[in-house]
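S.K.: Quick one: the structure is below, and I'll ask about it shortly.
The values are calculated or read from the model by the stated rules, or taken from the named source; none is laboratory data. None of the values given here were measured: they were computed from a predicted structure. Cβ coordinates were reconstructed from backbone atoms using ideal geometry, including for glycine residues, and neighbour counts include every protein chain displayed.
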Amino acid sequence: MTDKFIITPNGPLKGDVHISGAKNAVLPVLAATLLTGQDCVVQNVPDLSDVEAMCGLLESLGAGTRWDREAGNLTVFSSGLERHEAAYEWVGKLRASFLIIGPMLARLGRAKVPLPGGCAIGSRPVDLHLKGLAALGADIEHAHGFISAKAEKLTGARIYLDFPSVGATESIMMAASLAQGQTILENCAVEPEIVDLANFLNAAGADIRGAGTDTVKINGTNGMRGITHSVIPDRIEAGTFMVAAALTRGDIRLTNVMADHLKPVTAKLKEVNVNVQETDFGLRVFHDNTLEVIAADIKTLPYPGFPTDMQALFMSLMATAAGTSIITETVFENRFMQVGELKRMGAEIKIESRSAVVEGVRKLAGTQVCASDLRAGAALMLAALTADGKTELNGANHIDRGYCNLDTRLNQLGADVRRIS
Ligand code: EPZ
């Protein structure tokens, strides 16, 4: 039985919160350290169970890791990489473990990685990763739930992604960094985490141009070297605290944020009458009770559209907004897992294919609920902050995957969240 949280409503959140390094930037960067064959120091690393799982995976391949969690510094000794097979257990813990296939292929000429299973939010295929690696000259085989890839030498190619997949863009960028010749990757993802990975790779000796646009050129190099790199702040963790301030009609200041990365979230919060101010310390998010929070429609899209990772969190806000909002999830096929639990709290939500119609109610009611995945869990925790009565939120392990000490950090802002082991 995993830990649970008891959340007791405790009024508006007020105060300062320092945003951690981005989970979705640090995971691909840790995979990319394997390309260098040397020691890499990654800084601003968030203390997350997903990061712990990635370290375990790297060590199972022969690389060493040393993680100073307090300081947020994680060193990877990738010279030790010697095994090309990743054990099944790792992909069960961490879907992003599949990101090691590109670096292992480039460094060792072969890789055997478990095919990621689906997860709560969808089937999570990796066909676009594999199509890209095959275009670079890898022989790909799928047998007994494992993907085996091998390539004497990877050769640059022109690749067009059917969908701007974040993971596929990362896999191909990493493998192409050590390929012979130029790779042109079109219709690729443009998320800030892609730019952060390209910055890491270029600092380590790769030659990547255009990251952050839908066409990236990678000129393969012969070797890369160990470097020190600090990952970008976590825009989804920041968005989570912004919604928490809006929900509790509070006033919080976020430091260590990159306001640019939060534009779609900021725009949507302003649309529903929440104030967001850019200041030189970061972002101030507050809601005075002059104007009520009103409903707005949301459609999740690849960056710079409204982030799918913020969909459940915004649904919690819309559940008690004035009016009806239509929330359409276009990125994942099954990312409304929070709906059933929000309805148990009294939310009025109807799912019609890829859209959820949310009719705002005055207040939700505290009850027992269960987290099914990382963002759904966070959304339920936020909804509980202003519900009528206590809420018991089961499945703390889901939240630990992507948020470090979310309960204590919310409590520092005035919430009352108790963790029960
Ligand atoms: C990354 O997942 C993030 N994870 C996700 O965050 C995030 O929701 C997602 O990007 C979209 O922004 C990490 O970075 C570790 P995709 P990823 O490949 O790379 C389909 C969180 O909560 N697709 O852009 O898996 C796929 O099924 C997590 O922090 C294919 O069809 O996302 C999905 O429908 C959840 N074939 C869509 O593309 C492929 O080969 C988006 O997937 C790959 C993806």
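S.K.: With the requirement that a residue be among the hydrophobic types (A, V, I, L, M, F, W, C), under 17 Å from residue 294 (Cβ atoms) and touching a residue at least 60 places away in the same chain (Cβ under 8 Å), what does the stretch 237-252 give you?
M.R.: Looking only at the stretch 237-252, we keep the residues that are among the hydrophobic types (A, V, I, L, M, F, W, C), and these are 238, 241-247, 252.
Okay, now just the ones that are also under 17 Å from residue 294 (Cβ atoms), so 242-243, 245-247.
If the condition is that a residue be among the hydrophobic types (A, V, I, L, M, F, W, C), under 17 Å from residue 294 (Cβ atoms) and touching a residue at least 60 places away in the same chain (Cβ under 8 Å), then 243, 245, 246, 247 are the ones that fit.
S.K.: Where the second residue is away from the ligand (no atom under 16 Å from the Cβ) and in a helix (DSSP H, G or I) and the first is in contact (Cβ under 8 Å) with a residue 60 or more places away in the chain and lies in the stretch 316-344, which pairs have Cβ atoms under 8 Å and are six or more apart or on separate chains?
M.R.: 316/247; 316/342; 316/383; 317/246; 317/247; 319/342; 319/383; 320/247
S.K.: Oh, and also: Among (1) away from the ligand (no atom under 12 Å from the Cβ); (2) under 18 Å from the mean Cα position of the chain (by Cα); (3) polar (S, T, N, Q), there is one condition residue 330 misses while meeting the rest; what is its number?
M.R.: Unmet for residue 330, out of (1) away from the ligand (no atom under 12 Å from the Cβ); (2) under 18 Å from the mean Cα position of the chain (by Cα); (3) polar (S, T, N, Q): (1).
Conditions tested, residue by residue: (1) among the aliphatic types (A, V, I, L, M); (2) touching a Ser or Thr at 6+ places or on another chain (Cβ under 8 Å); (3) surrounded by fewer than 21 Cβ atoms within 10 Å (Cβ to Cβ); (4) at pLDDT below 95.
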| position | (1), (2), (3), (4) |
| --- | --- |
| 119 | no, no, yes, yes |
| 124 | no, no, yes, yes |
| 132 | no, yes, no, no |
| 144 | no, no, yes, yes |
| 159 | yes, yes, no, no |
| 188 | no, yes, no, no |
| 204 | yes, yes, no, no |
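S.K.: Scan the stretch 359-390 residue by residue and report those that are of a type in the set (Asp, Glu) and either modelled with pLDDT of 95 or more or more than 16 Å from the ligand (Cβ to nearest atom) (or both). Before the answer, list the steps.
M.R.: Keep residues of the stretch 359-390 that are of a type in the set (Asp, Glu), which gives 359, 373, 388.
The answer is 359, 388.
S.K.: Does any residue of the stretch 23-38 turn out to be part of a strand (DSSP E or B) and touching a residue at least 12 places away in the same chain (Cβ under 8 Å)? Spell out how you get there, then give the answer.
M.R.: The first filter runs over the stretch 23-38 and keeps only residues part of a strand (DSSP E or B), leaving none.
No - not one qualifying residue is present in the stretch 23-38.
S.K.: Out of the helices (runs of 4 or more DSSP H) lying entirely within the stretch 357-421, which hold 2 or more residues that are without any contact (Cβ under 8 Å) to a residue 24 or more places away in the chain? If you could, list the steps in order and put the result at the bottom.
M.R.: On the way: elements: 374-385, 396-402, 406-411.
In the stretch 357-421, 406-411 are the helices (runs of 4 or more DSSP H) which contain 2 or more residues that are without any contact (Cβ under 8 Å) to a residue 24 or more places away in the chain.
S.K.: What residue, among those in the stretch 324-341 that are surrounded by fewer than 21 Cβ atoms within 10 Å (Cβ to Cβ) and of a type in the set (S, T, N, Q), is farthest from residue 296 (Cα to Cα)?
M.R.: Going through the qualifying residues, I end up with 334.
S.K.: Related question: Out of 169, 155, report the one residue that is of a type outside the set (A, V, I, L, M, F, W, C), more than 10 Å from the ligand (Cβ to nearest atom) and either in contact with a helix residue (DSSP H, G or I) (Cβ under 6 Å, 6 or more places away or on another chain) or at pLDDT 95 or above (or both).
M.R.: Numbers: 169 fails: more than 10 Å from the ligand (Cβ to nearest atom).
155 is the lone residue from the list that is of a type outside the set (A, V, I, L, M, F, W, C), more than 10 Å from the ligand (Cβ to nearest atom) and either in contact with a helix residue (DSSP H, G or I) (Cβ under 6 Å, 6 or more places away or on another chain) or at pLDDT 95 or above (or both).
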